[in-house]
Structure formats: C-alpha cells, structure tokens
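Novice: One structure coming up, written as structure tokens, with questions to follow.
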Amino acid sequence: MQKITKDMIIADVLKVDVELAPFFFSIGMHCLGCPSAAGETIEEACMVHNTDCDALIEKMNNFLEIKANSQNA
C-alpha cells in the first residue's frame, strides 16, 4: 500500500486512489481537475485552505489502510 505524504502532488494522490477525492472536498478544494491540482502539493493546498495537513494525511492513510485490509480479508 502506498502511503500519502504532504509533499505529494494532488493529481498524483488521486492516481493512487480516486476515492481520496472526498477528503479534498471536505477542506473546500472542489477543483481537483484544474491546473493547480496538477502542480500543487497537499501541504500547499492545506495552507491555502487553512487545514491541518498532518490530520488530513492521517485520515487519507487510515482510509487506504482500512480499504487494503478489507480487500485482503
């Protein structure tokens, strides 16, 4: 399972799992297909949207871990 890190580009995160999109929506980032998503890191997006980056990363990685565990069960 790939871990999400704050220096990852948002578009690359969505390539890992498109089901991570709602996590970005929850911080008010609704333009995931726009050019900024293709070049903006999670950390940068969190700064712009006044969000705790570490908490968001933790939520996304927990989601991926639960998903991986349920698929391997």
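The values are calculated or read from the model by the stated rules, or taken from the named source; none is laboratory data. Bear in mind that the values here come from a model prediction, so they are computed numbers and not experimental data. A quick note on method: Cβ atoms are made from the backbone with ideal geometry, for glycine too, and the neighbour counts reach across all protein chains shown.
Novice: Where the second residue is surrounded by 14 or more Cβ atoms within 10 Å (Cβ to Cβ) and in a helix (DSSP H, G or I) and the first is without any contact (Cβ under 8 Å) to a residue 12 or more places away in the chain and lies in the stretch 3-24, which pairs have Cβ atoms under 7 Å and are six or more apart or on separate chains?
Specialist: The qualifying pairs are Ala21/Leu14.
Novice: Could you please find all residues in the stretch 1-58 being charged (D, E, K, R), in a loop (DSSP other than H, G, I, E, B) and under 23 Å from Asn72 (Cβ atoms)?
Specialist: Across the stretch 1-58, the qualifying residues are Lys3, Asp17.
Novice: Being closer than 15 Å to Gln2 by Cβ, modelled with pLDDT under 95 and not polar (S, T, N, Q) is the requirement here; does Ile27 meet it?
Specialist: So Ile27 does not fit the description; no.
Novice: Among all residue pairs at least 6 apart or on different chains, which show Cβ distances below 8 Å where the first residue, located in the stretch 45-73, is touching a residue at least 60 places away in the same chain (Cβ under 8 Å) and the second is of a type in the set (Val, Ile, Thr) and assigned to a helix (DSSP H, G or I)?
Specialist: The qualifying pairs are Leu64/Val16.
Novice: Also: Just checking, which of Ile66, Ile10 is in contact with a strand residue (DSSP E or B) (Cβ under 8 Å, 6 or more places away or on another chain) and either surrounded by 12 or more Cβ atoms within 10 Å (Cβ to Cβ) or hydrophobic (A, V, I, L, M, F, W, C) (or both)?
Specialist: Selected residue: Ile10, the only one of Ile66, Ile10 that is in contact with a strand residue (DSSP E or B) (Cβ under 8 Å, 6 or more places away or on another chain) and either surrounded by 12 or more Cβ atoms within 10 Å (Cβ to Cβ) or hydrophobic (A, V, I, L, M, F, W, C) (or both).
Novice: For the stretch 8-22, which positions are more than 15 Å from Ala38 (Cβ to Cβ) and of a type in the set (D, E, K, R)?
Specialist: Asp17, Glu19
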